[in-house]
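For reference, the structure is listed below as structure tokens.
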Amino acid sequence: LQKINLTAGTNGLSTSYNKDTISTLPWNMVKKDIVISFDNDVKSIGSYMFYECPYIEFIKLPESLIDIGSYAFSKAVNLKEIEMFNNVYNIGESAFSDCPSLAKINLSESLTIIPKKCFYASSAISSIKLPSKLETISEMAFAYCDSINNIFIPNSVRFINDYAFINCRKLNKIT
């Protein structure tokens, strides 16, 4: 395993990337499993930061983190678990989409919105605890999460948008 330590300044974690620039990220040049650690000054993970990174299995986000950009972990096909502290108040669209191995994630209690396609096609998730202050589950947030079998939706939720749980074939209990 190769260890990569990420800091807010030197690694540009708050920088947003796009599909054309992700090949320049250091972890996309490594062709073996990596362990990623964060310094406690990291407040934001930019868009596409770990997009299509097949070499990570576990991420422990720093306690200082408040924002995760769009597509930040999308298509990280071997990512199995994400540990998130309660300071994260914003997650971008499709941040964890198409992560077929992602089975365990604890969401921040500070979240009020699960964004569009946040967990789209992350088919290994079987259960998820939604934050108690959650107000909105956006369109297709959990679409094609084939393994979800039950979900507790807190009383704080005011909006569940179109297709939020479409093709969640094992979903048999919503409370």
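Just a few scattered comments:
- Partners of LYS129 within straight-line reach, counting aspartates and glutamates whose Cα lies under 17 Å from its Cα and excluding those fewer than 8 residues away in the same chain: GLU81, GLU83, GLU109, ASP146.
- Length gained when the stretch ASN90-SER64 is fully extended (0.36 nm per residue, less Cα-Cα span): 8.1 nm
- Mean sequence separation of contacting Cα pairs (under 8 Å, at least six apart), scaled by the length of segment 36-131, corresponds to a relative contact order of 24 percent.
- Phi angles of segment 104-111 translate, via the Karplus equation with coefficients 6.51, -1.76, 1.60 and θ = phi - 60°, into HN-Hα couplings of 9, 8, 9, 7, 5, 6, 7, 6 Hz per residue; Gly and Pro are given as x.
- Here the scattering of segment 37-84 is modelled by Debye summation over its C-alpha atoms, one equal scatterer each and no solvent; at q = 0.16, 0.17, 0.19, 0.31 Å⁻¹ the log10 of I(q)/I(0) is -0.40, -0.45, -0.57, -1.24.
- Surface calculation, 1.4 Å probe, protein heavy atoms: SER47 sits at approximately 20 Å² accessible.
- Segment 31-159 shape via C-alpha gyration tensor axes, a/c threshold 1.5: oblate
- Stokes-Einstein diffusion coefficient of segment 122-175, Kirkwood radius over Cα pairs, 20 °C, 1.002 mPa s, in µm²/s: 193 µm²/s
- Label reach from LYS170 (point 7 Å along Cα→C-beta): in segment 130-152, amide nitrogens under 14 Å belong to 144-151.
- Derived scalar couplings between HN and Hα for segment 132-146 equal 5, 9, 4, 10, 9, 10, 6, 4, 6, 3, 10, 4, 6, 8, 4 Hz in order, rounded to whole Hz, by the Karplus curve 6.51 cos²θ - 1.76 cosθ + 1.60 (θ = phi - 60°), x for Gly and Pro.
- Rounded accessible area per residue of segment 94-166, 1.4 Å, Å²: 43 Å²
- Cα shape, segment 83-159, gyration tensor, a/c 1.5 rule: rounded
- Taking 0.36 nm per residue of sequence separation and removing the Cα-Cα distance, the SER147/ASP162 pair yields an extension gain of 3.4 nm.
The values are calculated or read from the model by the stated rules, or taken from the named source; none is laboratory data. Note that the structure is predicted; figures quoted are calculated from it, not measured. Neighbour counts run over all protein chains shown; Cβ positions are idealised from the backbone, glycine included. The area values use the complete protein model at the heavy-atom level, side chains included, leaving out ligands, DNA and RNA. Shrake-Rupley method; radii C 1.70, N 1.55, O 1.52, S 1.80 Å.
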